[in-house]
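Chemist: Right, I'll just put the structure down here and ask away after.
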Amino acid sequence: MAQSNPVRKELAFKGLQELSPPEKKTEYFRRLASGWDPEKYSTYRRLWVEVGEKHLVTDYPLEILFFNTGRCNLKCPMCYTQYDSYKAHRDMSDLSWDTYKKIIDEVAGKIYSIRMTARGEPTLHARMADFISYAKSHDIPEFSLISNGSRLEMKYLKTLLDAGLDWLVISVDGLDEEYETVRHPLKFADTLGKLRALAEHKEKDGLLKPVVKVQGLWPSVKKDPEKYYNTLEPYADLIELIPEVNYNPITDQDVIMDDLCCPQLWQRMVVEQNGKALPCCTSPDSSFNVLGDLAVQGVREIWHGTRLQALRAAHVRHGGYKRIPMCRDCCMSRQTEFRESFVVNGRTIYVEDYIKGK
């Protein structure tokens, strides 16, 4: 590239990396903040960073993340639900309305966000719209949903919009045949059509929400990242890259960090579809890391309970996380390095990958 037109470097790290330029990201967060009390939104975003950095235990978690069902209509090859070790104890049940209502009744006006995600396809739950409307009517400012997009025809999607959905994340792993291989039996043209229909509906009605984020798995995008971005950009508020996540236990070939202090332990509580409370959303096996049972216990009781306090204390100590199997084996414990780069519309983006030992 000519000296007069230098590229701007953007670093992709272990979690997620925006493919969208900074100005698009700024507009994305402006839309996400719409409808909030400005001071409350500012406090929420500040605390999201501060609680992990300063190890601050708030009265209640900032966010509750629900796995609202164990059922899924896809069998994506990279998903840990396809691991034999996970299938052996997979729970295919749905989150009960009574448990959800009990939790929301307790945290009304005390937390900032609800998210539905992972382990299954959230939109398969028959009461998805009810989940949204009940949370929004109980002074919880933000409701987000992560979906494979399979059920998001406009007729159904309008029920979620009417209920108050703020934030929609859709997984689109590659284009055309690549997408259809990973997300079989979905068709790329159908998914793109759903995104287009939602964008047109928002523009027609002058809606800022739901903000729409598209996420793509790096191995499925790497063939032509620029074409991927430019194909989806007209219909998404933000587009992100997801490096391939390693959910397997640590081996001798993995190089792990000396210290890991996971911010999730101070940011959010995770609730399985059976009502069990978990400390994070990244562990495929929850059989040994249950904090409590929200069908019979309170959120605040578990949030300040001895099990979670012990996990926090371990993470603060030098090398303490290594004594906790789910944390030692977590994808975030592995050291990474920058191995690949690609260009999207003049911006060079660098991708991190795991370091392998000798």
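Chemist: Give just the number: which of (1) touching a residue at least 60 places away in the same chain (Cβ under 8 Å); (2) more than 22 Å from the chain's Cα centre (by Cα) does Gly206 not satisfy?
Modeler: (1)
The rows are residues; the columns are (1) without any contact (Cβ under 8 Å) to a residue 60 or more places away in the chain; (2) open to solvent by 10 Å² or more (accessible area, probe 1.4 Å).
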site	(1), (2)
Glu121	yes, no
Asp130	yes, yes
Lys136	yes, yes
Ser150	no, yes
Met154	yes, yes
Thr159	yes, yes
Ala163	yes, yes
Val169	yes, no
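So that you can scan it fast, the table gives a plain yes or no per residue for (1) out of contact with any Ser or Thr (no Cβ under 9 Å at 6 or more places or on another chain); (2) over 30 Å from Val212 (Cα atoms):
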position	(1), (2)
Pro234	yes, no
Tyr247	no, no
Gln273	no, no
Leu291	yes, yes
Leu294	no, yes
Ala310	yes, yes
Gly319	yes, yes
Lys322	no, yes
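Chemist: Search region 29-44 for residues being of a type in the set (Gly, Ala, Ser) and part of a helix (DSSP H, G or I), and hand back the single one that is surrounded by the most Cβ atoms within 10 Å (Cβ to Cβ).
Modeler: Result: Ala33.
Chemist: Additional query: For Asn274, state whether it is farther than 24 Å from Glu50 by Cα and open to solvent by 30 Å² or more (accessible area, probe 1.4 Å).
Modeler: yes
This table checks each residue for (1) within 30 Å of His201 (Cβ to Cβ); (2) in a loop (DSSP other than H, G, I, E, B); (3) in contact with a Pro (Cβ under 9 Å, 6 or more places away or on another chain).
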site	(1), (2), (3)
Lys227	yes, no, no
Pro234	yes, no, no
Ile302	no, no, no
Leu308	no, no, yes
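Chemist: Of all residues being part of a loop (DSSP other than H, G, I, E, B) and among the β-branched types (Val, Ile, Thr) in region 76-129, which is modelled with the lowest pLDDT? Just the residue, please. Show your work before the answer.
Modeler: Applying the first criterion (part of a loop (DSSP other than H, G, I, E, B)) to region 76-129 yields 76-79, 83, 88-93, 95-96, 108-112, 117-121, 125-127.
Filter again for among the β-branched types (Val, Ile, Thr), leaving 111, 117.
Details: Ile111: 98, Thr117: 87.
Only one residue fits best here, namely Thr117.
Chemist: Would region 252-268 turn up any residue that is under 30 Å from Gly174 (Cα atoms), out of contact with any helix residue (DSSP H, G or I) (no Cβ under 7 Å at 6 or more places or on another chain) and open to solvent by 50 Å² or more (accessible area, probe 1.4 Å)?
Modeler: The answer is yes; a qualifying residue exists.
Chemist: Just name the residue that is surrounded by the fewest Cβ atoms within 10 Å (Cβ to Cβ) out of those in region 205-227 that are among the basic types (Lys, Arg) and more than 19 Å from Arg347 (Cα to Cα).
Modeler: That would be Lys209.
Chemist: Let me ask something else. Looking at region 326-343, which of the residues that are touching a residue at least 60 places away in the same chain (Cβ under 8 Å) and surrounded by fewer than 17 Cβ atoms within 10 Å (Cβ to Cβ) is farthest from Cys262 (Cα to Cα)?
Modeler: Val343
Chemist: Next question. Gly149: within 15 Å of Lys209 (Cβ to Cβ), modelled with pLDDT of 95 or more and over 14 Å from the mean Cα position of the chain (by Cα), yes or no?
Modeler: no
The values are calculated or read from the model by the stated rules, or taken from the named source; none is laboratory data. As the structure is a prediction and not an experimental result, all values here were calculated from the model. Note: ideal-geometry Cβ built from the backbone for every residue, glycine included; neighbour counts use all protein chains shown. Remember, those area values only see protein heavy atoms, side chains included, never the ligands or the DNA or RNA. Shrake-Rupley method; radii C 1.70, N 1.55, O 1.52, S 1.80 Å.
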